[in-house]
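*Asks:* One structure is given below, represented as structure tokens, and several questions about it will come after.
Any read-out appearing in this document is the output of simple, stated calculations on the displayed coordinates, not a laboratory observation. Because the structure is predicted, anything quoted here is derived from the model rather than measured. Cβ: placed from backbone, ideal geometry, glycine included. Neighbour counts: every protein chain shown.
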Ligand SMILES: Nc1ncnc2c1ncn2[C@@H]1O[C@H](COP(=O)(O)OP(=O)(O)O)[C@@H](O)[C@H]1O
Ligand SMILES: [Mg+2]
């Protein structure tokens, strides 16, 4: 089932800034959708548009079939939102904060307490449940914000930079929880981040955005197919593979793009024949980060933005 449908969505702020420019998105239920781009790319604005907090200047949005501007209470009931600065009360305990927000969603006191206890357990905050939020570390606060976003068992969860400011350990915990939610309860997750490396670990689909424009959408394989499907072969060798294009990474270190892994043994045996000592051979596919930068460069050079949908790529000219 399609949970998020956005077509031609554009948002221009009063100062003339076009923060989102002709955005097309289709996200299926249960997807962990990574919406990725650097600061200022338009991610937070998109989350606000998808939640009905902002109204698009043109284009249409449907969340579970509802227009979020026309049906804010329906959207509120089915979605959870974690923003960078979630409002909670510093002078209330962790548990009391959750109970308060649970009741705001219409739960009885008893139900809200039960749900709060469950979430505190899930997010490893049970030992600190009586502690005032004001005394929480950044990591604990972020986990409590996530608990708050989950209080109404949302079927769609918007996470805006959920691991910003977290130490690697806490970030890992939050990542695991996000994956678990999508896997166990089919929750759709719309995850915004500028940390591409972290996104690659947990997302199943991606939308890459730059300066308000979508560069591409699809799975990692779809995105790779737009840029380079082969592998980067890295060699530590006393001689360079100088009969093919190769990049020098450092002393005795070389990188070659290979289209097929069967090229690797051929390259290695030719080097050996030439008398090279080979110390290390490794190969890897393009990372999300490399794909992102290749697509940004491609857009700058050709003015074209690539879009992949259902494995098929199409191209259109950026406005
Ligand atoms: N209320 C606003 N008024 C004017 N410009 C804004 C407003 N909110 C965001 N912007 C601008 O819109 C662009 C996109 O911002 P944002 O959606 O916050 O990006 P991201 O979340 O990807 O960092 C930025 O250039 C930002 O400065
Ligand atoms: Mg943002």
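*Asks:* Stretch residue 201-residue 278 to full length: gain in nm at 0.36 nm per residue minus the Cα-Cα span?
*Replies:* On the way: separation 77, 0.36 × 77 = 27.72 nm, distance 3.17 nm.
Taking residue 201 through residue 278 to full extension adds about 24.6 nm, to one decimal.
*Asks:* Sticking with this structure for a sec: How big is the range 229-285 along each principal axis, measuring the range of its Cα positions in Å and listing the largest first?
*Replies:* 30, 22, 18
*Asks:* Next up: So for each of 62-68, 239-245, 46-52 I average, over its residues, the number of other beta carbons within 10 Å; can you give me the resulting order with the highest mean first?
*Replies:* Numbers: 62-68: 18.1, 239-245: 13.6, 46-52: 23.6.
The most tightly packed comes first, giving 46-52, 62-68, 239-245.
*Asks:* Could I ask something else about it? Largest first and to the nearest Å, give the Cα extent of the range 1-98 along each principal axis.
*Replies:* 43, 35, 26
*Asks:* Relative to the compact globular guide of 2.2 N^0.38 Å, what is the alpha carbon radius of gyration of the range 71-145, as a ratio?
*Replies:* Values: Rg = 12.4 Å, N = 75, 2.2 N^0.38 = 11.3 Å.
Rounded to two decimals, the normalised Rg is 1.09.
*Asks:* Can you give the percent of C-alpha pairs in the chain whose distance is more than 25 Å? The partial results should precede the final answer.
*Replies:* Details: 29011 of 50721 pairs.
Value for the chain (Cα pairs over 25 Å): 57 percent.
*Asks:* Can you give me the pair-distance distribution of the range 96-238, C-alpha pairs, 5 Å bins, whole percents?
*Replies:* 2, 8, 16, 18, 17, 13, 9, 7, 5, 3, 2, 1, 0, 0, 0
*Asks:* Say we join alpha carbon atoms closer than 10 Å with springs in a Gaussian network model of the chain; which of 111, 261, 280 then has the biggest fluctuation?
*Replies:* Taking springs between Cα atoms under 10 Å, the residue moving most is 280.
*Asks:* Follow-up. Suppose we keep just the DSSP beta bridges with both residues in the range 2-224; what percent of those would be antiparallel, to 5?
*Replies:* Details: 19 of 37 bridges.
DSSP beta bridges in the range 2-224 are roughly 50 percent antiparallel.
*Asks:* Between residue 130 and residue 180, what FRET efficiency comes out of the Förster formula 1/(1 + (r/R0)^6) with R0 = 30 Å and r the beta carbon distance, rounded to 0.05? Don't jump to the answer; show the numbers that get you there.
*Replies:* Numbers: r = 26 Å, r/R0 = 0.86.
Efficiency at R0 = 30 Å is approximately 0.70.
*Asks:* I've got another one for you. Once the convex hull of the alpha carbons of the range 197-250 is built, what does its volume come to per residue, in cubic angstrom? Intermediate results must be reported in sequence, preceding the final value.
*Replies:* On the way: hull volume 7.7 nm³, N = 54.
It comes to 142 Å³ per residue, whole-number rounded.
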